[in-house]
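Enquirer: First the structure, then my questions, so here it is.
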Protein chains: 2
Amino acid sequence: MTPDTTTRTTFRSVQADIVRRITNGPWGPGTLLPTEADLAREFHCSRATINRALREIADLGLIDRRRKSGTRVRLAPVRQARFDIPLVRAEVEATGSAYRYALVSQNVLPAPDALRAQLNLAPDAPVLHLVCVHYADGAPWQLEDRWINPAALPQATAQDFSNRGPNEWLVATVPFSEVEISFQAIAATDLQVAHLNHRPGDPVFCVKRTTWWQDAAITHAVLSYRPGHRMTARY
Amino acid sequence: MTPDTTTRTTFRSVQADIVRRITNGPWGPGTLLPTEADLAREFHCSRATINRALREIADLGLIDRRRKSGTRVRLAPVRQARFDIPLVRAEVEATGSAYRYALVSQNVLPAPDALRAQLNLAPDAPVLHLVCVHYADGAPWQLEDRWINPAALPQATAQDFSNRGPNEWLVATVPFSEVEISFQAIAATDLQVAHLNHRPGDPVFCVKRTTWWQDAAITHAVLSYRPGHRMTARY
DNA sequence: ATAGTCTTTATGTCTATACATAAGGAACAG
DNA sequence: CTGTTCCTTATGTATAGACATAAAGACTAT
C-alpha cells in the first residue's frame, strides 16, 4: 500500500491507485476521501498532481467533489458512455465499405407544426426540407431526413446538395453552440420502407439531432438506420 | 481580438476564445495552431493555462495534439456524445416518479449458445438467469433480462433478488474493468409484450450491456424500455 | 428560534520553472 | 538512394507557492 518512491510519481499512477481503492479496496460508496493535501503527503507528490488525478476520476463519474465538503465516493457511480458521432461517410468507410450518397428530394415548404415547436419558428415560416440516403457498398445504410432553418442560414437555399450531403456541408460551414441528440426506436414509416429495406412497422433505430447557434435553431435531422443497426461503446 | 488584460486570465476564457476561433473564426479545419508558448504570450498567461485549455478542447474532439508536430484543427471534428448511464432507480426517481421493483423469475440453467459465445463460457456451463421489471409510478418502465456467470461470481447464486435488483447488487458488490454497451431497436418479443405494455412486433429501444472483470465475463444484461423511450444527450 | 455575519477550510485555478518524451528533420554513413 | 544517429522542438507532466471561491459551521444580534 505504501506508494513507490523509487520511480517518479505520476498522476496516472495516483489515479490508478485511488480508483483501485474505490472499486475493490477500502473506499466503498459514500466514503469521504482524505483531502488533497493529505493525499499529496501520502503519495509524496504535489497537490497539483493529486488534483489532476481526482479531477479526472470525478470526470469518470466515480467521485463527487465539493469545496469545503471534500471528495466523496458516489453512492451510485454515474458511469458515462461516450459515443463517437462521426460523419456517415467516415462511419461507412470505417467498415471497409464504399460510400455513396444520393439526394432523394429537396424543397422549401412551410414548417410542420411539430418542427415549428422543436425549432421555435414563426408560424408559416418556410423551411428547407431534404431527404437523402447514404449507401455502404450499394446497400442503404442511413436515411437522412433533414430540415434547415433558412432564416438562420440563408445560403442553404442556394446550395446544391446533389453530390454532397447536407451534413458534410453543414459541419464545414456552420459553427454551432449546442447540439441535442437523442436515440430511440420507432416503427418504420413509408419513407424508411421505401429507402432502407424495412418492412412497414419494422423497428428502426433512429437518431434525432437538433443544432443551435447562438440561440437560433439551425437544423433538425432524423437519421434512421438500416435494419439491425447498433450503436456501441466501451468504457 | 486582443485578450482582456484587466480581468484575470482563466483557462476557461482562453478555451472559449480558441473554440470561437476554430468554429467561426480564422482557424478553419486543418489549421496548425500557434505553439503553447506563443499562445501564452498572446493571452498573457502561463503555458500551463494554455495547456489545460487545449487539452480540454482536444478532449472535445475539436483538435489533435502531437508532440513536436503541434496542435492542429481536426478536418472532421469527431464530436462525442456522452450519455449518463444511471441506475434505473435514479433514472425513474429523476422524473419525479415513485420507483418500484419486481422480480419475475430467477433460475439456474445451461447457457444458451448465443450467450455462451458472448460471455465466452464453457459448453454446458450453468448461468443464473433473472428477469425483473422496474416500474415508475406503477407503470412498467424497464424490463431487465439478466444473465450472471456463477463461475466468476459464486455469491450470486445464493443472493436474494426479490427486493433489490441485481444491477444494484452488482454495482455495490463487484468491481469491473470493462463494459461494452450497445443501443439498438428490436421488435417486441413475448417477454416485452407481457411486461412492458408493448404489442407484439412493436419497436423496442433496448440496451445490451456486458461487463468483464479481469478478463472474465461477469454479466450480460438486456434492458428494454417502455414504448416511446428516448435516450438524450446535449453537448 | 431565526436571520445575518464571520471564520475556516477544501477545492479550484494560476504562475514560474524544470525536466521528460515523442517525433520531425538534418546530418551522416553505407 | 537508404537507413541510422543525433539534434531540436512542441507537447506532457511534476513542483512549490500563491490566491480565489464556495460552502459548512460557528457566532451574533435581533
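Enquirer: Quick one: net charge around B:S182, please, counting Lys, Arg +1 and Asp, Glu -1 for every other residue with C-beta under 11 Å from its C-beta.
Expert: Details: positive: A:R230, A:R234, B:K208, B:R209; negative: B:E180.
With Lys, Arg at +1 and Asp, Glu at -1, the net is +3.
Enquirer: Apply 1/(1 + (r/R0)^6) to the Cβ-Cβ distance of A:A125 and A:L75, taking R0 = 51 Å, and write down the FRET efficiency to the nearest 0.05. All intermediate terms of the calculation are to be shown ahead of the outcome.
Expert: Numbers: r = 47 Å, r/R0 = 0.92.
Working from the Cβ atoms, E equals 0.60.
Enquirer: Across the residues of B:81-90, average count of Cβ atoms on other protein chains within 10 Å?
Expert: On the way: counts 15, 7, 9, 5, 8, 6, 5, 0, 1, 3.
The mean count of partner-chain Cβ atoms within 10 Å per residue comes to 6.
Enquirer: For region B:81-181, just list the percent of Cα-Cα distances falling in each 10 Å bin from zero outward, please.
Expert: With 10 Å bins starting at 0, P(r) equals 13, 42, 34, 11, 0.
Enquirer: Can you give the translational diffusion coefficient of region A:129-183 in µm²/s, computed by Stokes-Einstein from the Kirkwood radius over Cα pairs at 10 °C and 1.306 mPa s? Intermediate results must be reported in sequence, preceding the final value.
Expert: Details: Rh = 12.8 Å.
Estimated diffusion coefficient is 124 µm²/s.
Enquirer: Helix B:47-60 versus the longest principal axis of chain B: what is the Cα-based angle in degrees, 0 to 90, to the nearest 10?
Expert: 40 degrees
Enquirer: Taking every eigenvalue of the Cα gyration tensor of region B:1-113, multiplying by 5 and rooting it, what semi-axes result, largest first, whole Å? Spell out each step's value before the answer.
Expert: Numbers: eigenvalues 412, 79, 33 Å².
Values for region B:1-113, descending: 45, 20, 13 Å.
Enquirer: Picking from A:G61, A:A90, A:L109, whose Cα lies most toward the positive end of the charge dipole for chain A (charges on Cβ: Lys, Arg +1; Asp, Glu -1)?
Expert: Ranked along the dipole, the leading option is A:G61.
Enquirer: Over 5 Å intervals from 0, what percent of Cα-Cα pairs in chain A sits in each interval?
Expert: Whole-percent P(r) values from 0 Å outward: 1, 6, 11, 13, 12, 10, 8, 7, 8, 9, 8, 5, 2, 0, 0.
Enquirer: Using Cα pairs closer than 8 Å and at least 6 residues apart in sequence, work out the relative contact order for region B:94-199, in percent. Each step should come with its number before you reach the end.
Expert: Values: 127 pairs, mean separation 26.7, N = 106.
Relative contact order here is 25 percent.
Enquirer: When each copy gets a label point 7 Å from Cα toward the beta-carbon at B:A16, what are the spacings between them in nm, shortest first?
Expert: Its label point is 3.8 nm from the equivalent points in the other copies.
Enquirer: Compute the Cα gyration tensor for the protein assembly as shown, then decide on rounded, prolate or oblate, letting a ≥ b ≥ c be the square roots of its eigenvalues: rounded whenever a/c is under 1.5, prolate when a/b is larger than b/c in the other cases, and oblate in all that remain.
Expert: Values: a/c = 1.90, a/b = 1.04, b/c = 1.83.
Oblate shape, in that a/c is at least 1.5 and b/c is the bigger or equal ratio.
Enquirer: What does the structure give for B:16-24 when I average, per residue, the other chain Cβ atoms found within 10 Å of the residue Cβ?
Expert: Details: counts 0, 0, 0, 2, 2, 0, 1, 5, 6.
For peptide B:16-24, the averaged partner shielding equals 2.
Enquirer: Which distance in nm do the two modelled labels at A:R21 and A:V193 give, with both placed 7 Å along the Cα-to-Cβ direction?
Expert: Roughly 6.2 nm, to one decimal.
Enquirer: Relative to the longest principal axis of the C-alpha atoms of chain A, give the angle of the C-alpha long axis of helix A:11-23, reported between 0 and 90° and rounded to the nearest 10°.
Expert: It is inclined by approximately 90 degrees.
Enquirer: Can you list the HN-Hα couplings for region A:107-122, worked out from phi with the Karplus curve (6.51, -1.76, 1.60; θ = phi - 60°), rounded to whole Hz and with x for Gly and Pro?
Expert: Working through the residues one at a time gives 7, 9, 8, x, 5, x, 4, 4, 5, 4, 5, 4, 9, 6, 9, 6 Hz.
Enquirer: Take A:V179, project a point 7 Å from its Cα along the Cβ direction, then tell me which residues of region A:201-217 have their backbone nitrogen under 14 Å from it.
Expert: From region A:201-217, the list is A:207-213.
Enquirer: By count of other Cβ within 10 Å, fewest leading, how are A:T49, B:T173 ordered? Write out the running numbers ahead of the final one.
Expert: Working: A:T49 21, B:T173 12.
Exposure proxy ranking, most exposed first: B:T173, A:T49.
Enquirer: Which residue fluctuates the most in chain A, going by a Gaussian network model with Cα springs under 10 Å, if the choices are A:T157, A:T189, A:T35?
Expert: A:T35
Enquirer: Now for a different question. Can you tell me the order of A:112-120, B:203-211, A:137-145, B:56-64 when each peptide is scored by its average per-residue count of other Cβ atoms within 10 angstrom, highest first?
Expert: On the way: A:112-120: 13.9, B:203-211: 21.7, A:137-145: 18.0, B:56-64: 16.3.
Going from most to least packed, we get B:203-211, A:137-145, B:56-64, A:112-120.
Enquirer: Given label points at 7 Å from Cα along Cα→Cβ, what nm distances, shortest first, separate A:A117 from the same residue in every other copy?
Expert: Once sorted, the set of distances for A:A117 reads 4.3 nm.
Enquirer: By per-residue mean of other Cβ atoms within 10 Å, what is the highest-first order of A:12-20, B:97-105, B:216-224?
Expert: Values: A:12-20: 17.2, B:97-105: 14.7, B:216-224: 20.3.
Top of the packing list down: B:216-224, A:12-20, B:97-105.
Enquirer: What is the fewest-to-most order of B:H195, B:H44 by other Cβ atoms lying within 10 Å of their Cβ?
Expert: Working: B:H195 21, B:H44 12.
By the 10 Å Cβ count, ascending, the order reads B:H44, B:H195.
Enquirer: With only alpha-carbon atoms in the gyration tensor, what are the semi-axes of the equivalent ellipsoid for region B:135-235, in Å, largest first? Provide the component values of the computation, followed by the final result.
Expert: Working: eigenvalues 133, 56, 34 Å².
Semi-axes, largest first: 26, 17, 13 Å.
Enquirer: Obtain the nm distance between the two label points defined at A:R116 and B:S162 by a simple spin-label model: each point lies 7 Å from its Cα along the Cα-to-C-beta direction.
Expert: Going by the 7 Å Cα→Cβ label model, 5.7 nm.
Enquirer: Quick one: 3J(HN,Hα) in Hz for region A:129-141, Karplus 6.51/-1.76/1.60 with θ = phi - 60°, rounded, Gly and Pro as x.
Expert: 10, 10, 10, 9, 10, 10, 10, 10, 6, x, 9, x, 10
No value in this document is a laboratory result; all are computed from the given coordinates. On a predicted model such as this, the values are computed, not experimentally measured, just so you know. When we count neighbours, we look across all protein chains shown, and the Cβ atoms used for this are built from the backbone with ideal geometry, even at glycine.
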